[in-house]
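> Before I ask anything, let me first share the structure, which is written out below as structure tokens.
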Amino acid sequence: MEDDVYKVLTPDLYRRNLFRILGLPVTAAARDVQRREARRELEARLGLPTPGVSGGILVLDPPPTPDEIRGALARLHAPLDRFHAEFFWFWPIGEEPDPALR
């Protein structure tokens, strides 16, 4: 278990955050994630270019590659990976979005 912590605590901790890569809030339900996966799979089957993730907090520049997005979606289903990503990302306070994060 201790080794898992050291794998997370790297200089690219925030660059590799699942919620940053996917442009999802930490409160995203499994349904939101499934919708994102279904759309990505449909675009791949139709041969459409998968657009980069837009919106969210601290949009990545350069945008994540399709492989990074696929990897983030896969890691989001691992409970420990999701916990680490949630712990080191932004949580909403109250119902209103934080103006500093817009």
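Results for (1) open to solvent by 70 Å² or more (accessible area, probe 1.4 Å); (2) at pLDDT below 85, shown as yes or no for each residue.
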site: Val26; (1), (2): no, no
site: Glu37; (1), (2): no, yes
site: Gly47; (1), (2): no, yes
site: Val53; (1), (2): no, yes
site: Val59; (1), (2): yes, yes
site: Ile69; (1), (2): no, no
site: Ala85; (1), (2): no, no
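> Report every pair of residues separated by at least 6 positions or lying on different chains whose Cβ atoms are under 7 Å apart, first residue within region 1-13 and farther than 12 Å from Phe83 by Cβ, second at pLDDT 75 or above and open to solvent by less than 60 Å² (accessible area, probe 1.4 Å).
Once the first residue is farther than 12 Å from Phe83 by Cβ and sits in region 1-13, its partners that are at pLDDT 75 or above and open to solvent by less than 60 Å² (accessible area, probe 1.4 Å) give Leu13/Phe88.
The values are calculated or read from the model by the stated rules, or taken from the named source; none is laboratory data. Small disclaimer: the values here were computed from a predicted structure and weren't measured. Methodologically, a virtual Cβ is constructed for each residue, glycine included, from the backbone with ideal geometry; neighbour enumeration extends over all protein chains shown. For the accessible areas, the whole protein counts, side chains as well, though only heavy atoms, and no ligand, DNA or RNA atoms are used. Shrake-Rupley method; radii C 1.70, N 1.55, O 1.52, S 1.80 Å.
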